[in-house]
């Protein structure tokens, strides 16, 4: 051992300490967003992090207040041709009918059991609601989690033939990690079911259950035959976490206004407005699905095809441009979309 | 510089790293619960922390799952003679009547305005409900927070003539800190208003807004005259966070079953049962108010006087004894109750 070697080890030990502390230091060394092309979108994210986490900067945000919210469907993962959760509900119908055969004789369950894709695609919102209620409520919260977990392991997306949890956007995964490395708590704020998304959010995004805000129903506390208490999912809507429901849900579940928010559709408009209306430096970003080749292309903003799932209207586009939100072009801003791409 | 000195500094740097990581190591050096007398209650807490945070222990709990929940009124701070929030609501009535003079002519506002303490004490639940609705809803969430903050700064408890936020139990503050130092996230789960408690929970207990679960009403998103969005507190109950509502609220807001829960009354029973029903090592503790001299004495368990505020019944006491919950005697287990005591 020589003095020089010891000094070196000492320096390394200190460096090791620094890397345990969240901060901008670690990320300054390597590109935190390697799947992003250079451009205004990437710059906006890096600038936001620098401005809000550099002490002495006018936009500095104390660590306790660093909250960033992300819509899920269409923002963090693929939402076309239809939300994964709706696929789950349709896939659950056979088991439901097996348990209650009389259900198979009435609509809309009869149509789902027929397997006729055209007829299923024509189901109306009130039909879907019946299917959602029947497959998302009435069981214990533990049983529900187990059923979702099992489905996620087996179900495959029709286009990529992969588990749904593989269909997350790599660039957005980088943003989640980058923000967390800089002291932000990252929340999912989704129109999807809170209990549904919680099953996979931690392993898929590193977002723990307590940081998932979603459409939530009531539960009912009761005692089982063994005397042990358990919770049952009730058909009672507490929070419709879409549109105006998003800022309302953020207040209910977080109680702080986000400094950054990410969305992709008209359902995220109020969350983005609420975020941008806060004082200081705030970041609002909207993912535009304009890459039919690598993912999907839909709007109808900017002449993209209209859609029933995740509409991004021209009005939202104008509001984004007017109010300094940053529109992310999947086609131009994302070098890679999925981790499984070669 | 010599080799020995470098090695020492190296060791210190490593030690410094260790102290940044939550763990039992730091707390082993000094008593983490100096306001507790030696005894079964203190031992139960220390044992629980050791068992659940020592790697390799059969009761080890991964850091992500370390959740502890605390009732507030009567568990973390004084609830007698009446909940602080009810005092707030009564104190707000004059401002309310000033803004809407017609209110002063109708009950129960007329009685409150009379200042007749006996008559006020006789107000019925339905009267109180009217006062709560009128003082807790109808304003923006920001305005409400500002009003509560102002009240907290001025209001004084009738017995100690101190701000309500001084009336927290020092031994419980130590438990909060001790658990957090060992990687636990500490949540308040209160029958009180979520928005009310959030105003002071961070400065008073080190519990941030997103870790306050309470009785919660809906909010309504709208745009102000300046075009900026804001949220209004609505007279719509989403979660009655008392009794069975506590585990329901825990599921809604946290989505994990607590490993430790602390309460003091029948309103906490279901939370304690839900906590204890989980697998592995779980801790359920109940504060018994048996110290008329230093605080208050009420039960009616164990022959203590009955109370309308925070009843601890004999049935709860038996359940605690039968199911291995730990009853904390304020009189015997707490060396000091308040930080302001000499």
Please list, short to long, the whole-number percent of alpha-carbon pairs of region A:174-229 in consecutive 10 angstrom bins beginning at zero. 22, 38, 24, 11, 4
According to a simple spin-label model (label point 7 Å from Cα along Cα-to-Cβ), what is the distance in nm between residue A:64 and residue A:321? 4.2 nm
What are the label-to-label distances in nm, one decimal and shortest first, from residue A:150 to the same spot in the other copies, with labels 7 Å along Cα to Cβ? 5.8
Please report B:49, A:148 as a ranked list, fewest other C-beta atoms within 10 angstrom at the top and most at the bottom. A:148, B:49
Residue A:236 paired with residue A:180, simple spin-label distance in nm, labels 7 Å along Cα-to-beta-carbon: 3.4 nm
Counting only DSSP beta bridges with both residues in chain A, tell me the antiparallel percent, nearest 5. 35 percent
For a label point 7 angstrom out from the Cα of residue B:292 toward its Cβ, which stretches of region B:304-325 have the backbone nitrogen within less than 20 Å? B:304-314
If A:196, B:340 are placed from fewest to most neighbouring beta carbons inside 10 Å, the sequence is B:340, A:196
Express the relative contact order of chain B as a whole percentage, based on alpha carbon pairs under 8 Å and six or more residues apart in sequence. 21 percent
To make sure I understand, if each residue's beta carbon is the centre and we count other beta carbons within 10 Å, what order do B:335, B:225, B:321 fall in, fewest to most? B:225, B:321, B:335
With Cα coordinates, the longest principal axis of chain A makes an angle with the long axis of helix A:194-205, in degrees rounded to 10, of 40 degrees
Mind pulling the angle between the C-alpha long axis of helix A:141-154 and the longest principal axis of chain A? Nearest 10 degrees, somewhere in 0 to 90. 80 degrees
Going 7 Å from Cα along the Cα-Cβ axis for the label, what nanometre distances separate residue A:236 from the same residue across the other copies? 1.5
extent check for the protein assembly as shown: Cα max minus min per principal axis, descending, whole Å, gives 81, 76, 56
Taking Cα atoms, the helix B:40-53 axis meets the longest principal axis of chain B at an angle in degrees (rounded to 10) of 70 degrees
Exam field: residue A:138 pseudo-label spacings to other copies (7 Å along Cα-Cβ), nanometres: 4.3
Just check chain A against the gyration tensor rule for me: Cα atoms, a ≥ b ≥ c as the square roots of the eigenvalues, rounded for a/c under 1.5, and otherwise prolate or oblate depending on whether a/b exceeds b/c. prolate
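Values quoted throughout were computed directly from the atomic coordinates according to the rules given, and no laboratory measurement underlies them. Here the structure is a predicted model, which is why all the values come from computation and not from measurement. In this analysis, Cβ positions are derived from the backbone assuming ideal geometry, glycine residues included, and neighbour counts consider all displayed protein chains.
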